[in-house]
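Everything below concerns the one structure shown next.
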Ligand code: SER
């Protein structure tokens, strides 16, 4: 492995994937691509970085040509709630950005491109526990863009030989960098509320069950699928990965056990509630388990404990 380029490296996942890749492949080989939001100090001082606006075809070509990465992790994406509020930006980043990166990969002989998909790639007609291969039909623009990424990935693999891979990530819970206007963000914001104010007002109803995953597992799933020996598997950019599933009231109950004075109230946001209601409760990830040995490490209780410890340190020193 010579070089790895990560787009969207200042985002919630990039801020943790880049240090993990640098620990594995050495600092100078992992280039953190960013656009508007500054990189975290850890990522900025830990190794090389480059400006890359994935919506700008010429800039993507130039950056990929100069770095000549073996692997690209293409993380730039506008999340679900944001996408509904700004379709123009979501189209440019989530559709054109994917196309620009894939074309640059073909032109520069990039071996592998990892494009994360999401639970958003499913819709109301998907069974509540989503099989890997099932009816998808998402109803939101973000989800449609994720199905586009999956299909484009599988198509580019067979049409061009660039090995495009991806996992359908659940909502990601983490403490280093907050997510940017997704639907599952409450499961991060609740910890900030608990630690800073002992209370949180949730924008999803108490019984809204969604698949979730702690960041270390998400990072492992992305590196795991990138490095897996997939042989001639027909799955590439579309692997379900599952970890935990819970409702806001179940998460609040676990937090309350640790912090009895914690109080949760609800003020439902119709936009995000509708998106959440269209997504499955859990993902059947048996294909990823069988084909490349995926398995998560964190359960709800261990995740809550780790979030409390690290976020309290971050917020209160
Ligand atoms: N966490 C994402 C969102 O809420 C789902 O992939 O948009």
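Coordinate-derived values only; no laboratory data. All values reported here derive from a predicted model rather than from experimental measurement. All Cβ positions, even for glycine, are placed from backbone atoms using ideal geometry, and neighbour counts span all protein chains on display.
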Neighbour counts of other C-beta atoms within 10 Å: give me 22, 36, 168 arranged from fewest to most. 36, 22, 168
Classify the stretch 1-62: rounded, prolate or oblate, from the alpha-carbon gyration tensor (a ≥ b ≥ c, eigenvalue square roots; a/c under 1.5 rounded; otherwise prolate if a/b is larger than b/c)? oblate
Cα principal axis extents for the chain, largest first, Å: 57, 45, 38
If you take the square roots of the eigenvalues of the alpha-carbon gyration tensor of the stretch 1-114 and sort them as a ≥ b ≥ c, do you get rounded (a/c under 1.5), prolate (a/b over b/c) or oblate? oblate
Given a 10 angstrom Cα cut-off, can you work out which residue in 92, 105, 218 is the most mobile in a GNM of the chain? 92
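Just rank 303, 264, fewest to most, by other beta-carbon atoms within 10 angstrom. Mind dumping the intermediate values first?
On the way: 303 26, 264 19.
Going from sparsest to densest Cβ surroundings: 264, 303.
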Cα gyration tensor shape for the stretch 74-164, rounded if a/c is under 1.5, else prolate or oblate: oblate
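Tell me the relative contact order for the chain as a rounded percent, counting alpha carbon contacts under 8 Å between residues six or more apart. List each step's numbers first, then the result.
On the way: 662 pairs, mean separation 57.8, N = 317.
With pairs under 8 Å counted, the relative contact order is 18 percent.
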Within the chain, helix-based [θ] at 222 nm, where runs of 4 or more DSSP H residues each add -39,500 (n - 2.57), nearest 500: -13000 deg cm²/dmol
Compute the projected area of the convex hull of the Cα atoms of the stretch 115-272, averaged over all viewing directions, and report it in nm² to one decimal place. 10.0
